[in-house]
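Q: The structure is given below, and queries will be raised subsequently.
The values are calculated or read from the model by the stated rules, or taken from the named source; none is laboratory data. Since the model is a prediction, treat every value here as computed from it, not as a measurement. Glycine gets a Cβ as well: all are built from the backbone with ideal geometry, and neighbour counts include every protein chain shown.
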Amino acid sequence: MTMRITVLGKSPSWQDAGGACSGYLIEDGDARLLLDCGNGVFAKLRQHIQYTELDAVLISHLHADHILDLVPFAYALTYAPRQQPVPVGGYPGTDSPARPRLIAPGGAARCFRRLVGAWGSEELIESAFALEEYDPEATVEVGSLRARFQEVPHFTTTYAIEFTSANGDGRFTYGADCRPGDELVEFARDTDLLLVEATLPRPERTGHRGHMTPGEAGDHGRRAGAKRVVLTHISDELDADWALREGSDGFGAPVELAVEGAVYEV
Ligand SMILES: [Zn+2]
């Protein structure tokens, strides 16, 4: 049995033309999990599955490009015809509307209330989803999927996340957003697939660093001994050939560039 990872959005904090920010659909047996839900992701998710079939959304950190489409997703769960208790719009009515788990870092409940409180809908997200804040020391289970966490250095509290399955031996490591450091290297040691951000055309020259270049991303894959490295969180305004060359130089072997709709199996 294999775990399937589908790229729904791979843009950095602004969308590619026609693209979406961070969002990855992970399927394993009957389990369906959305990893991050950035702007544009909800529409992309709908091209692959019914959003009511999703078991959980798991959030790496509370930045706009990883959470903003929780807003339209929450509206759909609240107002869509198929979610109503009485027959409407061709749907038969349901006593058990979908309420996926929303598994997010500490502080998420407050953050979401402030976000949708901007227009007076404080409870929108926590009403639509079954919200839980995860303990990064614990393992989260969603069906056959197991997620474990490692804090990585970024501008806000951020967790890299490793996925394994009760059905197989594959390991998938998502680096989230991360500046260069040893945390991700140790966490991703010998992983089968490392999805690593490569946001920057060059290292930040002022202030705190928060992201990586393609060369740095590849270097993290090499140091971790990852079997396969895919660069993500990368703009369509950055030259793809340059990014692949830089990443592969760092990795010492060809890396891949995440493209929307691509499917990886581990
Ligand atoms: Zn971020």
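Residue-wise test of (1) at pLDDT below 95; (2) in contact with a helix residue (DSSP H, G or I) (Cβ under 7 Å, 6 or more places away or on another chain); (3) within 16 Å of the ligand (Cβ to nearest atom); (4) part of a loop (DSSP other than H, G, I, E, B).
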residue: Ile125; (1), (2), (3), (4): no, yes, no, no
residue: Leu131; (1), (2), (3), (4): no, yes, no, no
residue: Ala147; (1), (2), (3), (4): no, no, no, no
residue: Thr156; (1), (2), (3), (4): no, no, yes, yes
residue: Ala160; (1), (2), (3), (4): no, yes, yes, no
residue: Cys178; (1), (2), (3), (4): no, yes, yes, yes
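Q: Looking at the range 1-15, which of its residues are assigned to a loop (DSSP other than H, G, I, E, B), under 20 Å from Thr164 (Cα atoms) and touching a Ser or Thr at 6+ places or on another chain (Cβ under 8 Å)?
A: Matches in the range 1-15: Met1, Met3.
Q: In the range 212-241, which residues are touching a residue at least 40 places away in the same chain (Cβ under 8 Å), in a loop (DSSP other than H, G, I, E, B) and in contact with a Leu (Cβ under 6 Å, 6 or more places away or on another chain)?
A: Ala226, the sole residue that qualifies.
Q: Now for a separate question. Is it true that Ala104 is within 16 Å of the chain's Cα centre (by Cα) and within 16 Å of the ligand (Cβ to nearest atom)?
A: yes
Q: Report, by residue number, each residue of the range 232-266 that is in contact with an Asp or Glu (Cβ under 7 Å, 6 or more places away or on another chain) and closer than 20 Å to Trp14 by Cβ.
A: Thr232, His233, Ser235, Asp236, listed by residue number.
Q: For the range 16-109, which helices (runs of 4 or more DSSP H) that fit wholly inside it have 2 or more residues that are of a type outside the set (D, E, K, R), modelled with pLDDT of 95 or more and farther than 24 Å from Arg146 by Cα?
A: Of the helices (runs of 4 or more DSSP H) lying wholly inside the range 16-109, those with at least 2 residues that are of a type outside the set (D, E, K, R), modelled with pLDDT of 95 or more and farther than 24 Å from Arg146 by Cα span 70-79.
Q: For the range 185-226: of the residues being closer than 13 Å to Glu256 by Cβ and either touching a helix residue (DSSP H, G or I) at 6+ places or on another chain (Cβ under 9 Å) or small (Gly, Ala, Ser) (or both), which is surrounded by the fewest Cβ atoms within 10 Å (Cβ to Cβ)?
A: Result: Ala226.
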